[in-house]
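The values are calculated or read from the model by the stated rules, or taken from the named source; none is laboratory data. Quick caveat, the model's predicted, so the values are computed rather than measured. When we count neighbours, we look across all protein chains shown, and the Cβ atoms used for this are built from the backbone with ideal geometry, even at glycine. Protein only, heavy atoms only, side chains kept; ligands, DNA and RNA dropped before computing areas. Shrake-Rupley method; radii C 1.70, N 1.55, O 1.52, S 1.80 Å.
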Amino acid sequence: MNKNFVEELQWRGMLHQSMPGVEEHLSEAMRSAYVGFDPTADSLHIGNLVPIMLLAHYQRCGHKPVALVGGATGMIGDPSGKSNERNLLDENTLRHNQEAIKKQLSHFLDFESNGPNAAVLVNNYDWMKEFSFLGFIRDVGKHITVNYMMAKDSVKNRISGESSNEGMSFTEFTYQLVQGYDFLHLYRANDCTIQMGGSDQWGNITTGTELIRRIGNGKGFAITCPLITKSDGSKFGKSEGGNVWLDAKRTSPYKFYQYWLNSSDEDAEKYIKIFTFLDEVEINEIISQHDEAPHLRALQKQLAKEITTMVHSKEDFENAKKASNILFSKSFKEDIQTLDEATFLDVFEGVPQAHIPQSEFDEGLDMIGALAAKTSFLKSNGEARRALKENSISVNKEKVKEDYKLSTEDLINDRYIILNKGRKNTYIIKVV
């Protein structure tokens, strides 16, 4: 017995709005539903994870997911929730981005199955490129009134929110017609009766259901999920460095893992329902564990584990976890040698670095030089001496005295030495 998709979304907090009759429609047979993805980059980011999870749960409930890459709409730009038009891309770039996005989606969706509900990837450029402008306004445009299009919140907000010298281009204004036609096309070609997306897409989706009613003489349905917000009011999906991407080259698995690990208790309880496949019983058990000992951060740890493993791999999760715990490791130097250089630099991102020639280590570099004279980590030689006398200086987490000399044996991966003054001040020497 397949799970009830709407009920699954409800308990996970993933249902914002749905058209009447959709639950009954889903109970009658296997149905196809689609979600559109913007192909303006060759990677999705975690802001795309909610619609991805919608499709993934949909497939797990026995239905057929269709992922639409908006090659044509990517050439236009969607006004929903944006204050500016987006950059327009050429076809080669869009095709490259499409392949990269499919690879990322395959971590969540089964495209290879022989079953009837195998996932499908489509690109709306493939059918939109056949249209002439006159053909489109004749066959599609005449069925939707300007009054209907102007009434959409995405249009009203865009027009009223603009300064007087800007406004909304005709290209953007027609976006809802193009997206609406996608739904009509998939209804005819793929028997796709449901479109899903974020709550800001409701207006565009219902334009599609209207076209299906008026041109296709059929019935389409809409399901939207809430837009994710963070409890502290900051924007979900953004870190100090910008978007948190699914591509390891853009956001390393370590930083990706850290993003989820640093969630607040309130957010982690919400996210674990939305961004994992754990069932209700398992999640309630983790919430109970967390409530009994919040300082152990059971929710954040489980959330970060599940999602890092899903987006990257089990090995990437293990490495990220090890890197996160490395500063507290009892065998620090041995453990840190096992990190690749990119992860090492991630762990110590923002830590002051000084470059010292290899030759300085052949004879041994004294600690005053390492802390002040050669690096300026501390303000003066006198401050360095005081810190050493107070026993507050460590080399690779091992306490040292003033008579200690740094040598090549102290180097981590033949390149780095980590100095600490007390618990909070960390410095890195890099051998060049």
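Looking across segment 176-195, just one residue is under 26 Å from the mean Cα position of the chain (by Cα) and either surrounded by fewer than 24 Cβ atoms within 10 Å (Cβ to Cβ) or more than 25 Å from Leu9 (Cα to Cα) (or both), and that is Gln176.
Kindly indicate whether any position in segment 207-216 is within 30 Å of Gly21 (Cα to Cα), assigned to a loop (DSSP other than H, G, I, E, B) and open to solvent by 10 Å² or more (accessible area, probe 1.4 Å). Yes: segment 207-216 contains one or more residues that are within 30 Å of Gly21 (Cα to Cα), assigned to a loop (DSSP other than H, G, I, E, B) and open to solvent by 10 Å² or more (accessible area, probe 1.4 Å). Checking every residue in segment 279-293 against the condition of being within 26 Å of Glu7 (Cα to Cα) and outside any helix (DSSP H, G or I) gives at least one match. Once segment 319-328 is narrowed to residues that are surrounded by fewer than 19 Cβ atoms within 10 Å (Cβ to Cβ) and not aliphatic (A, V, I, L, M), the residue that is modelled with the highest pLDDT is Lys321. Can you say whether Asp316 is surrounded by 17 or more Cβ atoms within 10 Å (Cβ to Cβ), in a helix (DSSP H, G or I) and charged (D, E, K, R), as far as the supplied structure shows? Here the answer is yes, as Asp316 does meet what is asked. Of all residues assigned to segment 330-339, at least one qualifies as being under 40 Å from the mean Cα position of the chain (by Cα) and within 30 Å of Gln104 (Cβ to Cβ). Evaluate segment 382-392: report whether one residue or more is part of a loop (DSSP other than H, G, I, E, B), under 30 Å from Thr251 (Cβ atoms) and in contact (Cβ under 8 Å) with a residue 12 or more places away in the chain. No, because not a single residue in segment 382-392 is part of a loop (DSSP other than H, G, I, E, B), under 30 Å from Thr251 (Cβ atoms) and in contact (Cβ under 8 Å) with a residue 12 or more places away in the chain.
Would it be correct to say that Leu345 is touching a Gly at 6+ places or on another chain (Cβ under 8 Å) and either open to solvent by less than 60 Å² (accessible area, probe 1.4 Å) or among the aliphatic types (A, V, I, L, M) (or both)? So Leu345 fails the test. When Ser264, Ser231, Ser199, Ser169 are screened for being surrounded by fewer than 18 Cβ atoms within 10 Å (Cβ to Cβ) and within 30 Å of Asn117 (Cβ to Cβ), only Ser199 passes. Against the test of being surrounded by fewer than 16 Cβ atoms within 10 Å (Cβ to Cβ), at pLDDT 90 or above and farther than 30 Å from Thr276 by Cα, the options Ser160, Ser132, Ser106 yield a single qualifying residue, Ser132. Yes or no: Lys314 under 20 Å from Asp247 (Cβ atoms) and basic (Lys, Arg)? It is true that Lys314 is under 20 Å from Asp247 (Cβ atoms) and basic (Lys, Arg). Kindly establish whether Leu186 is under 22 Å from Met30 (Cβ atoms) and assigned to a helix (DSSP H, G or I). So Leu186 fits the description; yes.
Look at (1) crowded, with 22+ Cβ neighbours inside 10 Å; (2) at pLDDT below 95; (3) aliphatic (A, V, I, L, M) and you find that Val35 fails only one, number (2).
Cβ separations smaller than 7 Å between residues 6+ apart or across chains give the following pairs from segment 296-310 residues that are more than 12 Å from Gln258 (Cα to Cα) to residues that are at pLDDT 95 or above and hydroxyl-bearing (Ser, Thr, Tyr): Glu306/Thr276. The residue that is surrounded by the most Cβ atoms within 10 Å (Cβ to Cβ), among those in segment 267-286 that are over 17 Å from Leu9 (Cα atoms) and over 16 Å from the mean Cα position of the chain (by Cα), is Ile286. Selection of first residues in segment 3-25 that are closer than 21 Å to Tyr271 by Cα and free of Cβ contacts under 8 Å to residues at least 60 places away in the same chain and of second residues that are hydroxyl-bearing (Ser, Thr, Tyr) and assigned to a helix (DSSP H, G or I), restricted to Cβ pairs under 7 Å at least 6 apart or on distinct chains, gives the following pairs, ordered by first then second residue: Phe5/Tyr58.
Taken over segment 393-432, the residue count meeting the criterion of being among the hydroxyl-bearing types (Ser, Thr, Tyr), assigned to a loop (DSSP other than H, G, I, E, B) and more than 14 Å from Ile356 (Cβ to Cβ) is 1.
No other residue among Leu299, Leu303, Leu388, Leu365 is out of contact with any Phe, Trp or Tyr (no Cβ under 8 Å at 6 or more places or on another chain), open to solvent by less than 20 Å² (accessible area, probe 1.4 Å), of a type outside the set (D, E, K, R) and under 30 Å from Ile101 (Cβ atoms) apart from Leu299.
Among residues of segment 333-360 that are among the hydroxyl-bearing types (Ser, Thr, Tyr), those with a beta-carbon under 6 Å from a residue that is surrounded by 13 or more Cβ atoms within 10 Å (Cβ to Cβ) at least six positions away or on a different chain give the pairs Thr343/Tyr254; Thr343/Ala323. Go through Glu349, Glu383, Glu363 for me and flag whichever is of a type outside the set (Ser, Thr, Tyr) and modelled with pLDDT of 85 or more. Among Glu349, Glu383, Glu363, only Glu383 is of a type outside the set (Ser, Thr, Tyr) and modelled with pLDDT of 85 or more. The number of residues in segment 324-373 being touching a helix residue (DSSP H, G or I) at 6+ places or on another chain (Cβ under 7 Å) and not in a helix (DSSP H, G or I) comes to 2.
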